[in-house]
Amino acid sequence: MARAGRTRWGGIIDRRLRGSGFFRAETLDAVWWLVDPDGGRFVSKGVCNASFDPDQIRGTDRAPYASACRRKYGGIPPWRTAVARRLASWGFNSLGAWSDDAVAVAGPVPLAVAPIVHLGAAFIAHQERHAKLPVEPVGFPDVFDPDFAGFVQRMASECCAPRRDEPGIIGWFTDNELPWGPDWRGQDEPLTLFLNQPAACPGRAAAIGHLRERHGDIASFNAVWCSTATTWDGLRHVEPPFRRDPLYAQSPESERQRNAADPRRAAYVADCDAFAGALAERYFAATVAAVKVADPNHLVLGPRFGYAPQEPVVAAAGLHLDVIAFNSYDADPLRMIDVYARTGRPCLVGEFSFRGDDSGLPNTRGGGPRVATQEDRARSFERYVTAGLRRPSFVGYHWFEHADQPAEGRFDGENSNYGTVTINDDVYGQLTRAMTALNGRAEEIHAGADRARVG
């Protein structure tokens, strides 16, 4: 049922637009919008992990939210209907990542969805299962492996092709928070990780070829990398001569100063960033092509960046993706939006959240700001989303997540107050009232975005 002035998807009816039957991205008056299947101006307002069984307590098979909902609703179908109605009543029009897509069609109005297909992660698992030689984990798919392109094509054919005609799919997330450089998972650069793979690893050969092309002779490489190898074939275990801060903690000015003070560091950083760019180009070229062949109707949203990566990675994303998705647990998304806006592509926040210390949950594990009260959560949501909507390249925001995490910790120990509802499915009234009010004004705010900042 469409509301007055809106399509059935919740988009604003605009005589300049026509529906194509699927979601697309388009600019109007120098502002980016999603356009819904019926031609409405659409901002994706979503909630992640709307699932009956989102989390088990770490090391057990106990799922407290599912148990509470089974008692409350009697089963999954009535829970889906209740959640669909609830999200729509709060002004949300989308389901974010990790959600039960059946919720999208369980209520009085349809909700759009954005599934994850984990193309790169699936290839990593495939390599580990079928490795013919010992391979050190790098956390990134070996995109130089000649099997990579064919593998992701098969995966996309299995996951995307059967749903190519569904109008409610905004697009596909190809992966989640791949490691593009030093981050919370380790200090290594992708270049050093691939360099230290076994000799027969395609990624190692690509890394050596990359350095050989940049340095020419081994002596030039040795001077930068403090290596004693006498030949390229003689490179064995390579210790990085420098360590960088995690990418999300780096200061551009500090990086400039450090590189200016030490030309060797500058050369090392340039080697690493150029290789990350080569990884990104191969990753995006293969995954986007695979999805587009399997499903030419829907947008490709990319691998949900967990932070702003190196400039060559951003540039590669801009060349290939329809919309650039990123997760940002900062106080506002502006720095990240501005990084991706330079590509000229629209962007979408795939996860953000704020945790209240009055919730009774530990909040000791998990990303994002902690605030004192539920009122502070509500105000933080308002500031974050309003700031994003005032950027012309911003086309959506997905709150993490629908229900709180268990106090005992989920699979990775996270134990935080991320929910719109408690572990017992009780609604956080202050937060959801603020969400309802702002969701209702989102398109109005975005229409007045600062056009001078368009990418």
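The values are calculated or read from the model by the stated rules, or taken from the named source; none is laboratory data. Please read all numbers here as calculations on a predicted model, not as lab measurements. So basically every Cβ, Gly included, is an ideal-geometry build from the backbone, and we count neighbours across all protein chains shown.
Residue check: is Gly368 out of contact with any Gly (no Cβ under 8 Å at 6 or more places or on another chain) and on the phi > 0 side of the Ramachandran plot?
Yes; evaluated as a whole, the condition is true for this residue.
Checking Pro110 against (1) within 30 Å of Trp184 (Cβ to Cβ); (2) in contact (Cβ under 8 Å) with a residue 60 or more places away in the chain; (3) of a type outside the set (Lys, Arg); (4) assigned to a loop (DSSP other than H, G, I, E, B), which single condition isn't satisfied?
In the conditions (1) within 30 Å of Trp184 (Cβ to Cβ); (2) in contact (Cβ under 8 Å) with a residue 60 or more places away in the chain; (3) of a type outside the set (Lys, Arg); (4) assigned to a loop (DSSP other than H, G, I, E, B), Pro110 misses (1) alone.
Does the range 350-360 contain at least one residue that is modelled with pLDDT of 95 or more, outside any strand (DSSP E or B), over 28 Å from Ala63 (Cβ atoms) and touching an Asp or Glu at 6+ places or on another chain (Cβ under 8 Å)?
no
Yes or no: the range 340-348 includes at least one residue that is under 22 Å from Asp188 (Cβ atoms) and either more than 16 Å from the chain's Cα centre (by Cα) or buried (at least 20 other Cβ atoms within 10 Å of the Cβ) (or both).
no
For the range 301-333, give me each residue that is over 14 Å from Val288 (Cβ atoms), charged (D, E, K, R) and more than 13 Å from the chain's Cα centre (by Cα).
Glu311, Asp330, Asp332 - these are the residues of the range 301-333 that are over 14 Å from Val288 (Cβ atoms), charged (D, E, K, R) and more than 13 Å from the chain's Cα centre (by Cα).
Mind checking which residues of the range 184-222 are acidic (Asp, Glu) and either in a helix (DSSP H, G or I) or more than 19 Å from Ala278 (Cβ to Cβ) (or both)?
Glu213, Asp217
Just the residues that are assigned to a loop (DSSP other than H, G, I, E, B), among the hydrophobic types (A, V, I, L, M, F, W, C) and over 19 Å from Ala114 (Cβ atoms), please, taken from the range 6-51.
Hits for the range 6-51 are Ile13, Leu17, Ala30.
What are the residues in the range 159-203 that are acidic (Asp, Glu) and under 23 Å from Ser328 (Cα atoms), if any?
Result: Asp175, Glu177, Asp183, Asp188, Glu189.
Given the criterion at pLDDT 95 or above, over 19 Å from Asp188 (Cβ atoms) and out of contact with any Cys (no Cβ under 8 Å at 6 or more places or on another chain), identify the matching residue among His215, His210.
His215
Are any residues in the range 369-386 within 19 Å of the chain's Cα centre (by Cα) and either in a helix (DSSP H, G or I) or crowded, with 24+ Cβ neighbours inside 10 Å (or both), and if so, which ones?
Correct list: Phe381, Tyr384, Val385.
Which ones in the range 229-241 are closer than 16 Å to Asn196 by Cβ and surrounded by fewer than 18 Cβ atoms within 10 Å (Cβ to Cβ)?
Ala229, Trp232, Asp233, Gly234, Arg236, His237, Glu239, Pro241
Restricting to the range 290-319, name every residue that is out of contact with any strand residue (DSSP E or B) (no Cβ under 6 Å at 6 or more places or on another chain), part of a helix (DSSP H, G or I) and in contact (Cβ under 8 Å) with a residue 12 or more places away in the chain.
Ala290, Val293, Ala294, Glu311, Pro312, Val313, Val314, Ala315, Ala316, Gly318, Leu319
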